[in-house]
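Below: one structure, written as structure tokens.
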Amino acid sequence: MIGKKAPNPKKSSGKSARVGSLTAYITNPELSNGKQKCIHYEAENFITSDLQSQTLEMIALSHEAVRSKDPIDHYVLSWQEGEQPSIQQARETVQTAMKHLGLEGHQVIWGMHSDTDNVHIHIEVNRVHPETFKVVEVNKGFQNNAIQQAAAIIEKVQGWKAHDKARFKTDELGHLITDSKTKLPQVFKDANKAKEPTGPAKDKEIQTGEKSAQRICIEAIPAIVASATS
């Protein structure tokens, strides 16, 4: 299973537009690639029961976060090709993810999509707590790490095949493997993934069209080390 936080494509748009467009995208059953996009959707932790009213509820609560421009998060969890989760498994997946993200009890709208080779779930969640009106910060801002950790847990609990390049792994009981030094979830890096310069260095390369010092070192050092005799 792959988990990721989807970016907001229109950061300049207001909260009403953000919630409205994302909810429509997640729940719309239109055909895509010859397949029905959304085959099932649900909403949790709302007072009302119809989608239009729930959308208005989420908009209203998001406006309580006057200091946050975008308290709405959009996550995607995708099964591997050939895996066919049931609606109950999808529901449990969302609940497990929300618990790991520290967003239990928050307004959430999710849809199960089948318009690609991989069945996947889109999750729209309001980080504004419905009672305290405080905005929850997920994993100190490292939201991608948190949703990837949730994916590893869900894989183990539901018995899905573990992803070969997963950054986080679990033990046989479904608990995240932690680093012995930091006591935090251990990050498993892909040994075959080519190293690249860090963000600022890559940005400079794009601006100047020249290799950065970091890239020169990355390319040159392995050969030097390999030929060293002492």
Report summary line: Per the list (1) open to solvent by 40 Å² or more (accessible area, probe 1.4 Å); (2) under 14 Å from Lys5 (Cβ atoms); (3) in a loop (DSSP other than H, G, I, E, B), residue check on Lys161 breaks on (2)
Query raised in the report: Limited to the stretch 46-65, what total is found for residues that are open to solvent by 30 Å² or more (accessible area, probe 1.4 Å), under 19 Å from Met112 (Cβ atoms) and outside any loop (DSSP other than H, G, I, E, B)?
Result: 1
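Rundown of residues vs (1) of a type outside the set (Asp, Glu); (2) under 26 Å from Asn8 (Cβ atoms); (3) modelled with pLDDT under 80, yes/no style:
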position: Gln149; (1), (2), (3): yes, yes, no
position: Ile154; (1), (2), (3): yes, yes, no
position: Thr178; (1), (2), (3): yes, no, no
position: Lys189; (1), (2), (3): yes, no, no
position: Glu196; (1), (2), (3): no, yes, yes
position: Gln207; (1), (2), (3): yes, yes, yes
Query raised in the report: Residues in the stretch 133-145: is at least one β-branched (Val, Ile, Thr), outside any helix (DSSP H, G or I) and either modelled with pLDDT of 90 or more or under 15 Å from the mean Cα position of the chain (by Cα) (or both)?
Result: yes
Query raised in the report: Would you call Asn126 crowded, with 17+ Cβ neighbours inside 10 Å, more than 21 Å from Ile2 (Cβ to Cβ) and in contact with a strand residue (DSSP E or B) (Cβ under 9 Å, 6 or more places away or on another chain)?
Result: yes
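Condition first: open to solvent by less than 30 Å² (accessible area, probe 1.4 Å) and modelled with pLDDT under 95. Now tell me which residues in the stretch 66-94 satisfy that. Show your work before the answer.
Start the filter on the stretch 66-94 by keeping residues that are open to solvent by less than 30 Å² (accessible area, probe 1.4 Å), which leaves 68, 71-79, 83, 85, 90, 93-94.
Correct list: Ser68 only.
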Report task. Within the stretch 105-123, identify whether any single residue is closer than 16 Å to Leu61 by Cβ, surrounded by fewer than 18 Cβ atoms within 10 Å (Cβ to Cβ) and in contact (Cβ under 8 Å) with a residue 24 or more places away in the chain, and answer yes or no. Result -> yes
Report task. Could you list, in sequence order, all residues of the stretch 1-45 that are surrounded by 19 or more Cβ atoms within 10 Å (Cβ to Cβ) and not in a strand (DSSP E or B)? Result -> Met1, Lys15, Arg18, Val19, Leu22, Thr23, Ile26, Thr27, Lys37
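Residue-by-condition table, conditions (1) in contact with a Phe, Trp or Tyr (Cβ under 9 Å, 6 or more places away or on another chain); (2) over 28 Å from Ile72 (Cβ atoms); (3) touching a residue at least 24 places away in the same chain (Cβ under 8 Å); (4) open to solvent by less than 30 Å² (accessible area, probe 1.4 Å):
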{"site": "Leu103", "(1), (2), (3), (4)": "no, no, yes, yes"}
{"site": "Lys140", "(1), (2), (3), (4)": "no, no, no, no"}
{"site": "Asp179", "(1), (2), (3), (4)": "no, yes, no, no"}
{"site": "Leu184", "(1), (2), (3), (4)": "no, no, no, no"}
{"site": "Gly209", "(1), (2), (3), (4)": "no, yes, no, no"}
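Only one residue in Gln149, Gln186 is touching a strand residue (DSSP E or B) at 6+ places or on another chain (Cβ under 7 Å) and closer than 30 Å to Ser212 by Cβ. Which one?
Details: Gln149 fails: closer than 30 Å to Ser212 by Cβ.
After applying the criteria, what remains is Gln186.
The values are calculated or read from the model by the stated rules, or taken from the named source; none is laboratory data. Computed from a predicted structure; not experimentally measured. Please note: Cβ atoms are built from the backbone with ideal geometry, for glycine as well, and neighbour counts cover all protein chains shown. Side chains included, ligands, DNA and RNA excluded: accessible areas come from the protein's heavy atoms. Shrake-Rupley method; radii C 1.70, N 1.55, O 1.52, S 1.80 Å.
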